[in-house]
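This report refers to the structure that appears directly beneath it.
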Amino acid sequence: MTSNRRTFAIISHPDAGKTTLTEKLLLQGGAIHLAGEVKARGQARRARSDWMKIEQQRGISVTSSVMTFEKEFETDSGRETITFNLLDTPGHEDFSEDTYRTLTAVDSAIMVIDAAKGIEPQTRKLFEVCRLRSVPIITFVNKVDREGRECFELLDEVADMLALDVSPQSWPVGMGGRFEGILDFASGAISRPEGPSKEYLGTRDENAAIPDEFAEEIELAQAGYPEFDLEAYRNGDLTPVYFGSALKNFGVSELIDAIARFAPPPRPQPAGDEQIPPTRDEVTGFIFKVQANMDPNHRDRIAFMRMVSGTFKRGMKLTPSGLGKPIAVHSPILFFAQDRELADTAEAGDIIGIPNHGTLRVGDTLSEKNQLRFTGLPNFAPEILRRVVLRDPTKTKQLRKALDDLSEEGVIQVFYPEIGAQWIVGVVGQLQLEVLISRLEAEYKVEAVLEASPFATARWLKGADAALKGFADFNRANLARDRDGDLVFMAKSPWDVSYQVEKNPELTFSATKER
Ligand code: G4P
């Protein structure tokens, strides 16, 4: 049975309230007992690793993690426990690659919007990634305890900018200084602010009278939008919208209910032409993230696997597609938010952390029978390429090891030119380069600088052996191998790419690479 899993992410622009909402979701799920713990725990973890200082300084979140919590619900068929797996996505635009991969591992997303700001650039980018994969979205308009923009205007913006139908499920009764609570359309109840902090502490007025000054607006709101339609939502065509305040606890339990009731259970995942359903008996999954050196005293790394099907049991033997021979998974990690727990069993939709020494890579499929490969976890053509120059040339070996490790983690991509010894790193965003330099120093004791490279972008090459050889004979100075040993064309400009594409119709020049 897999229907009680809800694996989702929160997408938002920095400062919209993702951390606060996460904390409140975990609190309501009974996973943590004191507000502030998410940040506090986060900081304790971050303090362990030097490179993470960057994220502290800039106040952004670079790494993604997994938080699992459970909640009981009354349903038609009695009490049911729903397991929520919340995957945190890095919020900074520079980390689109890592974020993209995390979003391949969720079945739905919550989009948090600041009521005073509406759709911001990062929200929009993340939304586009969700749309690419038809990930359904629930919208949470946050901070209505403060003065915000008009609700109608906000809804229009969501509808127009994202080309989505919007279906409000609740409405704020006033905002800012005149905030009197949130009206839940379905039940007609208003949840009220209480006490000096004006928080929601559980007081709901059933069938409450709406103050005259808001009556007309609310009537319009109830009549003016499409009804919620489960199928349209799950297809990614409609978003139910909840208004609330993460800080003051408004709208949070409604949001959890909505995820439990509407958000899709684990979806089938593509493996070439096939779709692998969660009901398949065989245990299968894919690695969407690898995190190395979480603790400088341990060289181990954790690979995050999204379970696609089957029931995993501790000690089980699974074969990683990159390795070809089975490994026994003795000490997998589950991510219950209080603590990391050793996983005894895990179902489709769950995430398990697998400690390993570098055998598992982003994009790997793990399965019992080793007969399928999940697809759709690409590497992207880097937009910034730099030469890595060592300050101490005797450290070549350490540098190679570090570059291999970090490319395996997806922090950078590395290209080893066919001619010469000038290694090249590629990234999608500038911040990744800073992370690279500081991790090289902190974790590998390697001092390096980055210099301009003659190349502007890269394309993965495919074709028949003879065609590849012919191309290589003429273009050796522009060829490199990536960490997997695959051949890459290093282009000096976009024009260079178009020219070669036209000249070599028998080859494909790919801007993404799927493992
Ligand atoms: P992020 O993870 O999306 O970047 O946002 P985060 O939750 O850190 O929230 C950003 C700021 O917005 C925080 O204030 C937070 O307290 C505030 N905030 C979040 N939700 C609400 C809300 O519903 N209403 C109001 N009024 N404010 C909200 P800060 O002062 O920047 O941080 P802090 O010092 O309070 O932690």
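Laboratory data are not the source of any read-out in this text; all were calculated from the coordinates shown. Here the structure is a predicted model, which is why all the values come from computation and not from measurement. A quick note on method: Cβ atoms are made from the backbone with ideal geometry, for glycine too, and the neighbour counts reach across all protein chains shown.
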Please report, for the Cα atoms of the chain, the Rg to one decimal and the Dmax as a whole number; what are they, in angstrom?
24.6, 80
Mind listing the long-range amide H neighbours of D107? Cut-off is under 5 Å, sequence gap 5 or more, other chains count too, H placed in the peptide plane at 1.01 Å from N.
T7, F8
Please arrange H13, H357 by how many other C-beta atoms lie within 10 Å of their C-beta, fewest to most.
H357, H13
Mean separation of Cα contacts under 8 Å, 6 or more apart, over the residue count of the chain: relative contact order %
13
Out of every Cα-Cα pair in region 375-515, what percent are more than 20 Å apart?
45
State, to one decimal in nm, how far the label point of Y499 lies from the label point of A209, with both points 7 Å from Cα in the Cβ direction.
7.9
Would you mind checking the tilt of helix 494-503 against the longest principal axis of the Cα atoms of the chain, expressed as 0 to 90 degrees and rounded to 10?
60
Looking only at Cα atoms, what is the convex hull volume of region 180-245 per residue, in Å³?
107
Output the relative contact order of region 378-515, whole-number percent, from Cα pairs under 8 angstrom with separation of 6+ residues.
32
Could you give the distance between the Cα centres of region 10-27 and region 124-182, to the whole Å?
15
Measuring from its Cα centre, the chain shows a charge dipole (+1 at each Lys and Arg Cβ, -1 at each Asp and Glu Cβ) which, in debye to the nearest 20, is 2740
Shape category assigned to region 183-308 from the gyration tensor of Cα positions, a/c cut at 1.5
oblate
Selected from L255, I384, Q28, residue furthest toward positive end of dipole (the chain; charges at beta carbon):
I384
Sort 168-176, 77-85, 127-135, 427-435 for me by packing, meaning the mean count of neighbouring Cβ atoms within 10 Å per residue, highest on top.
168-176, 427-435, 127-135, 77-85
Can you work out the Karplus-derived ³J(HN,Hα) for every residue in region 286-292? Use 6.51 cos²θ - 1.76 cosθ + 1.60 with θ = phi - 60°, whole Hz, and x for glycine or proline.
9, 8, 10, 7, 10, 10, 9
Determine ³J(HN,Hα), in whole Hz, for all residues of region 154-163 in sequence, where each value follows from phi through the Karplus function 6.51 cos²θ - 1.76 cosθ + 1.60 and θ = phi - 60°; x replaces Gly and Pro.
4, 5, 4, 5, 4, 4, 6, 6, 9, 6
For T239, residues with placed amide H under 5 Å, excluding near neighbours:
D165, V166, S167
Treat every Asp and Glu Cβ in region 355-480 as -1 and every Lys and Arg Cβ as +1, leave all other atoms uncharged, and give the resulting dipole magnitude about the Cα centre to the nearest 20 debye.
260
Hey, can you grab everything whose amide H is under 5 Å from the amide H of F286? Only 5+ residues off in sequence or another chain; H modelled, so Pro and N-termini drop out.
R306, V308, L366
From the helices alone, meaning DSSP H stretches of at least four residues, give me the mean residue ellipticity at 222 nm for the chain, per-run term -39500 (n - 2.57), in deg cm²/dmol to the nearest 500.
-8000 deg cm²/dmol
Which of the GluC sites (Glu not before Pro) found in region 458-515 are in a DSSP loop and have at most 16 neighbouring Cβ atoms, other than their own, within 10 Å?
E506
Over 22 Å between alpha carbons, listed pairs K18/K117; K289/K397; K397/K445; K462/K503; K325/K469; K313/K513
K289/K397; K325/K469; K313/K513
Just want to confirm a number: the relative contact order over region 93-144, from Cα pairs under 8 angstrom separated by 6+ residues, in percent.
49
Relative counts (whole %) of C-alpha pair distances in region 124-223, using bins that are 10 Å wide:
13, 43, 29, 14, 1
